[in-house]
Amino acid sequence: MSASLFRALCSSCERPQDYDVRLQGSWAFFFSGRHKNFPTERELAGQPVASARFQDWMGTTPPAERPARRPFDSLHKLGMLDENGKPYGPSDGDFQISSDVMVAEARAKWDELKSAGMLSDADIRNGFIHRKYSFVNRTAVREAFPELEKWSTVWEERLGRPIAPSLFPSSGPPDKSQEGNGVSTHFRNSDWVVTNPPMH
């Protein structure tokens, strides 16, 4: 998976070190961030399938000894329904790509799309750098890097779960650990760094 990702990112690039790739989210760290709590019996009231699976899983384990946060894929495995009554799908795979080279290409595509009136109101409202999440506009990334889009589609089909690459400058996402709920994906020594496997 990582080899095909680097082929999509820079099949002929001379400086692979310009591309920093890291896994984020629950499929890298097993548990979701602290803003996503483990469900309770009360939250599952009215959802008989999820309630039964939860009971099979937790049994008589007291609440104080249960996970505080959601394990990977847990809502999907429970068959839990969201606020719209739809089942939660599998947890997605978050790929954090940091590259000034790619950001420059995406910026050029953004300017092109904007001048042609091809950006949605939501794109324009959120800006080239998303106001809340700080990643580069997904429409610009999708249009600038069709091979990356193809790569995501292939691996979504193979793994049966959404694959979500997000683009940031080479410095990575900003440190937001002191803001809001404290959830931040800035560079850490504990990050799961994805490397380009050596060619054999």
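Before moving on, here are some points about what is shown:
- Within region 113-127, the residues that satisfy the criterion of being free of Cβ contacts under 8 Å to residues at least 12 places away in the same chain and part of a helix (DSSP H, G or I) are Lys114, Ser115, Asp121, Ala122, Ile124, Arg125, Asn126.
- Of all residues making up region 53-75, the number that are within 21 Å of the chain's Cα centre (by Cα) and charged (D, E, K, R): 3
- Complete set of residues in region 37-52 that are surrounded by fewer than 17 Cβ atoms within 10 Å (Cβ to Cβ) and either over 19 Å from the mean Cα position of the chain (by Cα) or in a loop (DSSP other than H, G, I, E, B) (or both): Thr40, Glu41, Arg42, Glu43, Ala45, Gly46, Pro48, Val49, Ala52
- Failed criterion for Val136 (all others in (1) at pLDDT below 95; (2) more than 26 Å from Leu75 (Cβ to Cβ) hold): (1)
- When region 125-154 is filtered for residues that are closer than 19 Å to Gly93 by Cβ and either touching a His at 6+ places or on another chain (Cβ under 7 Å) or among the hydrophobic types (A, V, I, L, M, F, W, C) (or both), the ones remaining, listed by number, are Phe135, Val136, Val141, Phe145, Leu148, Trp151, Val154.
- Against the conditions (1) touching a Lys or Arg at 6+ places or on another chain (Cβ under 9 Å); (2) closer than 22 Å to Asn196 by Cα, Asp123 satisfies every one except (2).
- Matching residues in region 1-21 - criterion: being of a type in the set (A, V, I, L, M, F, W, C) and either modelled with pLDDT of 85 or more or closer than 15 Å to Pro165 by Cβ (or both): Met1, Ala3, Leu5, Phe6, Ala8, Leu9, Cys10, Val21
- Residue in region 108-119 that is surrounded by fewer than 17 Cβ atoms within 10 Å (Cβ to Cβ), among the polar types (S, T, N, Q) and either more than 28 Å from Glu179 (Cβ to Cβ) or in the same structural domain as Glu179 (by TED's automatic domain parsing) (or both) present: yes
- Taking region 155-189 as the range and being modelled with pLDDT of 85 or more, within 28 Å of Tyr88 (Cα to Cα) and exposed (fewer than 14 other Cβ atoms within 10 Å of the Cβ) as the test, the residues that pass are Glu157, Arg158, Gly160.
- Selection status of Asp18, touching a Cys at 6+ places or on another chain (Cβ under 9 Å) and under 30 Å from Ala144 (Cβ atoms): yes
- Put simply, of Trp27, Trp57 the only residue that is in contact with an Asp or Glu (Cβ under 8 Å, 6 or more places away or on another chain) and outside any strand (DSSP E or B) is Trp27.
- Residues of region 89-123 that are closer than 30 Å to Gly79 by Cα, touching a strand residue (DSSP E or B) at 6+ places or on another chain (Cβ under 6 Å) and of a type outside the set (A, V, I, L, M, F, W, C): Asp92, Gly93, Asp94, Gln96.
The values are calculated or read from the model by the stated rules, or taken from the named source; none is laboratory data. None of these values were measured; they are calculated from a predicted model. Methodologically, a virtual Cβ is constructed for each residue, glycine included, from the backbone with ideal geometry; neighbour enumeration extends over all protein chains shown.
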